[in-house]
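> Structure incoming, see below.
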Amino acid sequence: MHKLIQPSVLFVLFLSISLLSLGGCHKQNIQQFIVQTPQMATAEDAEIIVAAAESVNGVLDASADLEQRVVVVRYNSLNLAEKNVETAIAKAGYDANSILALPEQSMQ
């Protein structure tokens, strides 16, 4: 004769498996890339560009090298692509690698 498994045992088993599978949901693949920003000429430009880069969800941090006119961005590549960061910088009014600065949208 087969014994029936109690519903509470099934619930505990299901809950345990669910919690174990959640561990994989928080994986990260931290990458770094350099953004060429030729118009970055002042400390204020650097602050604007860094703020634009860091506003993108998935960016861990960004730092500007004013002398080299580049920004180093660390990000989780499972959350975003480099183009997302470049586009955010372009929307702030600065060239970002191959993406040209986007003109400000005029409100009509």
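> Just one of Leu20, Leu60 is of a type in the set (A, V, I, L, M), on the phi < 0 side of the Ramachandran plot and at pLDDT 60 or above; which is it?
That would be Leu60, the only listed residue that is of a type in the set (A, V, I, L, M), on the phi < 0 side of the Ramachandran plot and at pLDDT 60 or above.
> Name the residues in segment 33-77 that are part of a loop (DSSP other than H, G, I, E, B) and among the hydrophobic types (A, V, I, L, M, F, W, C), would you?
The answer is Met40, Ala41, Val56, Leu66.
> Give me the residue from segment 52-92 that is small (Gly, Ala, Ser) and touching a residue at least 40 places away in the same chain (Cβ under 8 Å) and, out of that set, surrounded by the fewest Cβ atoms within 10 Å (Cβ to Cβ).
The first filter runs over segment 52-92 and keeps only residues small (Gly, Ala, Ser), leaving 52-53, 55, 58, 62-64, 77, 81, 88, 90, 92.
Those still in the list that are touching a residue at least 40 places away in the same chain (Cβ under 8 Å) too: 52, 77, 92.
Values: Ala52: 24, Ser77: 14, Ala92: 20.
The residue in question is Ser77.
> Moving on. Within segment 70-104, track down each residue that is touching a strand residue (DSSP E or B) at 6+ places or on another chain (Cβ under 7 Å) and closer than 14 Å to Asp45 by Cβ.
Val70, Val71, Ile89, Ala90, Ala96
> Inspect segment 47-56 for any residue being out of contact with any strand residue (DSSP E or B) (no Cβ under 9 Å at 6 or more places or on another chain), closer than 19 Å to Leu102 by Cβ and at pLDDT 95 or above and give the result as yes or no.
yes
The values are calculated or read from the model by the stated rules, or taken from the named source; none is laboratory data. Quick caveat: nothing in here was measured; it's all calculated off a predicted structure. Note: ideal-geometry Cβ built from the backbone for every residue, glycine included; neighbour counts use all protein chains shown.
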